[in-house]
Amino acid sequence: MTAAKQGRAKAPARRDENRDPVSLLRRMWVIRAFEEKVSALYAAREIVGLLHLGIGQEAVAVGVCGMLDADDLVYGGHRSHGHAIAKGADLNRLMAELAGRATGYCRGKGGSMHVVAAETGFVTASGVVGGTVPLALGAAFAAREKGVGRVAVVFFGDGAGQTGPFHESLNIASLWGLPVIFVCENNGYAEFTPLSAHTKVERLARHAETYGIPSATVDGNDILAVRKAMGRAVDNARAGKGPTFVECLTYRLRGHYEGDPGKYRELSQLADWKKKDPIARFTRVLKRRRAASAKDFEEAEGDARALVEAAAEFALASPWPEPEETGTQVWA
Amino acid sequence: MAELSYLEAIRSGLLAEMREDPSVYVFGEDVALGGPFGVTQGIAEELGGHRVVNTPISEGTVMGVAIGAALSGLRPVVEIMFVDFITLAMDQLVNHAAKLHYMSGGQLKVPLTVRVQCGVQGNMGAHHSQSLESWFLHVPGLKVVMPSNPADAESLMRNAIRDDNPVLFIEHRALYFSRAEVPEGGSGLAMDRASVLRPGTDVTVAALSKMVQPALEAAEALAGEGVSAEVIDLRCLVPLDIDTLVESVRKTSRLIVVHEAVEQGGIGAEVAALVQERALYYLDSPILRVAAPNAPVPCAPPLETFFVPDKERIMEAVRRSLASQPA
Ligand SMILES: Cc1ncc(C[n+]2csc(CCOP(=O)(O)OP(=O)(O)O)c2C)c(N)n1
């Protein structure tokens, strides 16, 4: 596939805001604040359902989506609030969706594991592990055929790396040279089981090698490392050079789902990873580089919390969907 | 007699068979730790880790492995965490487990039990709430049971494992912590019998799994209105105990079938077809179904609540049935 067929002579400029490191920090804070609020609302029974939070994994979401254009397409999984936000989802509508309100992105029909924010290019989350990997290939296929120069990205966990569709997708993406980027958030656990009990292949990127796909394994709590790897992946995909596999080593700082007592992990492990918190870490980098002022740091967190408070207020003040809507929108 | 929760009763049945028969093995995601709900809790500790095998997230292949092991003399019990994910294992179940005995002219058998939980509970949305039992009715060679209470759950679990055919044992998540008396060592329940839980003369209400409870509550409330409803727990869908249903309908002349699965193509349709074949001239009104609307399961609380049939809807159907007279 040539770059010309892709419909763009060269990689387009990325959104300016993403070049500003403070904006990256702000975005990570928005995700953190959003999920902490979700957790609090869940504890207060204001939000119900089965919630999987990505607290601790924000550098992957923001690092990846920050390298994308607005019309690139992103697919997520069951732990995808952060992916949707990073792709530009409106906090009010996202919070309202989690709270089951009529003002939510999916009018309350989807919920936490099935968020769709189509207008932002966040196509869908999914409750089926591994289920969206082939869908992203389809997005990449369509983008190439239409010559629109889009890339498709799919986020999935290390657990998904054991599913059949994952392996079949790597093969097909490679074979057809599709502009798709596989982003594996290797957080070391699938539910309550460590990766070592699921596979002898410690680095999921090794699977990419098998299928002839270029790959990188990066520190997923280092947003700059994620961006660097993604930059290359996006450039390659847009230039018609096919898929890339980006494995981000990270850790979820919460349980598998809200309410999971997490007895299968050592507290010391958790403490070690807390020290590698991606937000605190990036803050230290910016401080060292004198890339932001004390006020910037304060505002990054403060503004994020204010936005999220407003989103929660919006969501909880929103009407419920009418029960009769249960049977609507089954057909297009 | 001991009082057990539905979840404990399933475990008790499973454990009893595993103690008696060293060829019974459990496969599933996180099962060694008990699984997400704790059904298999403690089994690995008692019987050894090799009997309770944690698997990667590879439902289709694990199902194939279990079928292969069943063909080689083991009696595997595979746990699929949510029935929604059984989609991934359908090929192995439908094309191999269900058919190998037949296709081999009886040379092979597949003594496999698939444990799976289903249904709406807790606003989990469209990928963790479905009731898909009727898919399996359409596959000759698979048995399907759906216990509604702890005693049936224990007994059916034991018999499912002993059965030489593949059996889908479908649990309902919302029943896990419901408690009732379970007879000691109970394995006497045949895998093909419905149970008449409440005798009545005016209308038959046939329900299954979690819908049995609202059916009983509706019958109780209707008794206050002078309506005598007979409540039947279908319990086993394949094979279906049509005799018990026909006998009841010949007495009551009216039938309502209640299930949580969507209405289209559900067990209600099969029951209606079979009953009219054998009891059409006994019927005084059309057979009615009380089921979920034909839609995916929505997440938001008011939608989810609306989705699931309840006591009121059953009572309303009974009243409609009683109001309709033969022309
Ligand atoms: C096909 C399928 N099987 C099982 C599950 C239950 N389940 C939900 S999340 C999960 C673990 C996923 O682990 P991973 O892919 O590493 O993602 P993480 O939760 O770590 O973000 C499992 C087994 C599921 N949702 N889908």
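The values are calculated or read from the model by the stated rules, or taken from the named source; none is laboratory data. Source: prediction; values computed, not measured. Using ideal geometry, Cβ is built from the backbone for each residue, glycine included, and neighbour counts are taken over all protein chains shown. Heads up: the accessible areas ignore ligands, DNA and RNA and are worked out on the full protein's heavy atoms, side chains in. Shrake-Rupley method; radii C 1.70, N 1.55, O 1.52, S 1.80 Å.
In segment A:104-215, counting only strands (runs of 3 or more DSSP E) that sit wholly within it, the ones holding 2 or more residues that are aromatic (F, W, Y) span A:152-157.
Here the condition is being within 15 Å of the ligand (Cβ to nearest atom) and touching a Leu at 6+ places or on another chain (Cβ under 8 Å); of B:V78, B:V31, B:V110, B:V62, it holds for B:V78 alone.
Take the residues of segment A:148-166 that are without any contact (Cβ under 8 Å) to a residue 60 or more places away in the chain and open to solvent by 20 Å² or more (accessible area, probe 1.4 Å): which is nearest to the other protein chains (Cβ to nearest Cβ)?
Kept after step one, since they are without any contact (Cβ under 8 Å) to a residue 60 or more places away in the chain, are these residues of segment A:148-166: A:158-159, A:161-166.
Narrowing further to those that are open to solvent by 20 Å² or more (accessible area, probe 1.4 Å): A:162, A:164-165.
Numbers: A:Q162: 4, A:G164: 6, A:P165: 8 Å.
Step by step, filter segment A:148-166, then rank; the result is A:Q162.
Return the residue satisfying two criteria in turn: it lies in segment A:88-114 and is more than 10 Å from every other protein chain (Cβ to nearest Cβ) and free of Cβ contacts under 8 Å to residues at least 40 places away in the same chain, and of such residues it is nearest to the ligand (Cβ to nearest atom). Within segment A:88-114, the match that is nearest to the ligand (Cβ to nearest atom) is A:A89.
Restricting the search to segment A:70-85, which residues are within 15 Å of the ligand (Cβ to nearest atom) and over 14 Å from A:L53 (Cα atoms)? Break it down into steps so the answer makes sense when it comes.
Just the residues of segment A:70-85 that are within 15 Å of the ligand (Cβ to nearest atom), to begin with: A:75-84.
Result: A:Y75, single match.
How many residues, within segment B:34-47, are in contact with a strand residue (DSSP E or B) (Cβ under 8 Å, 6 or more places away or on another chain), within 20 Å of B:I86 (Cα to Cα) and more than 14 Å from the ligand (Cβ to nearest atom)? Give the derivation first.
From segment B:34-47, those in contact with a strand residue (DSSP E or B) (Cβ under 8 Å, 6 or more places away or on another chain) are B:35, B:37, B:39-40, B:43-44; that's our starting set.
Now narrow it down to the ones that are within 20 Å of B:I86 (Cα to Cα): B:35, B:37, B:39-40.
Those left that are additionally more than 14 Å from the ligand (Cβ to nearest atom): B:39-40.
Residues that pass the stated criteria total 2.
Among the strands (runs of 3 or more DSSP E) confined to segment B:1-69, the ones with at least 1 residues that are at pLDDT 95 or above and more than 14 Å from chain A (Cβ to nearest Cβ) are located at B:2-5, B:24-28.
When A:A304, A:A291 are checked against the criterion of being part of a loop (DSSP other than H, G, I, E, B), open to solvent by less than 60 Å² (accessible area, probe 1.4 Å), more than 12 Å from every other protein chain (Cβ to nearest Cβ) and more than 30 Å from B:F37 (Cβ to Cβ), a single residue qualifies: A:A291.
Matching residues to (1) surrounded by fewer than 23 Cβ atoms within 10 Å (Cβ to Cβ); (2) not in a helix (DSSP H, G or I); (3) not assigned by TED's automatic domain parsing to the domain that holds B:V203:
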site	(1), (2), (3)
B:I232	no, yes, no
B:E260	no, yes, no
B:G265	yes, yes, no
B:V275	no, no, no
B:Y281	yes, no, no
B:S285	yes, yes, no
B:E316	yes, no, no
B:R319	yes, no, no
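If the condition is being more than 25 Å from B:E133 (Cα to Cα) and assigned to a loop (DSSP other than H, G, I, E, B), then segment B:187-225 contributes B:P199, B:G200, B:T201, B:D202, B:E225. Within segment B:30-38, identify whether any single residue is surrounded by 21 or more Cβ atoms within 10 Å (Cβ to Cβ), aromatic (F, W, Y) and touching a helix residue (DSSP H, G or I) at 6+ places or on another chain (Cβ under 9 Å), and answer yes or no. No, every residue in segment B:30-38 fails to be surrounded by 21 or more Cβ atoms within 10 Å (Cβ to Cβ), aromatic (F, W, Y) and touching a helix residue (DSSP H, G or I) at 6+ places or on another chain (Cβ under 9 Å).
Determine which member of the set A:S169, A:S215, A:S196 is surrounded by fewer than 18 Cβ atoms within 10 Å (Cβ to Cβ) and either farther than 21 Å from A:G149 by Cβ or within 14 Å of chain B (Cβ to nearest Cβ) (or both). Explain how you work it out, then say what you get.
Working: A:S169 fails: surrounded by fewer than 18 Cβ atoms within 10 Å (Cβ to Cβ); A:S215 fails: surrounded by fewer than 18 Cβ atoms within 10 Å (Cβ to Cβ).
Just one listed residue meets the conditions, A:S196.
I'm checking my understanding of the structure. Among residues of segment A:241-275 that are surrounded by 18 or more Cβ atoms within 10 Å (Cβ to Cβ) and more than 16 Å from the ligand (Cβ to nearest atom), which one is farthest from A:V201 (Cα to Cα)? Taking the candidates together, the pick is A:G242. Scanning segment B:124-144 for residues that are farther than 12 Å from B:R173 by Cα and within 14 Å of another protein chain (Cβ to nearest Cβ), we see that the one that is surrounded by the most Cβ atoms within 10 Å (Cβ to Cβ) is B:G125. Do we have any residue at all in segment B:85-106 that's open to solvent by less than 10 Å² (accessible area, probe 1.4 Å) and within 12 Å of chain A (Cβ to nearest Cβ)? Checked segment B:85-106: at least one residue is open to solvent by less than 10 Å² (accessible area, probe 1.4 Å) and within 12 Å of chain A (Cβ to nearest Cβ). Only one of the listed residues (B:R115, B:R158) is charged (D, E, K, R), in contact with a helix residue (DSSP H, G or I) (Cβ under 6 Å, 6 or more places away or on another chain) and under 21 Å from B:V26 (Cβ atoms). That residue is B:R158.
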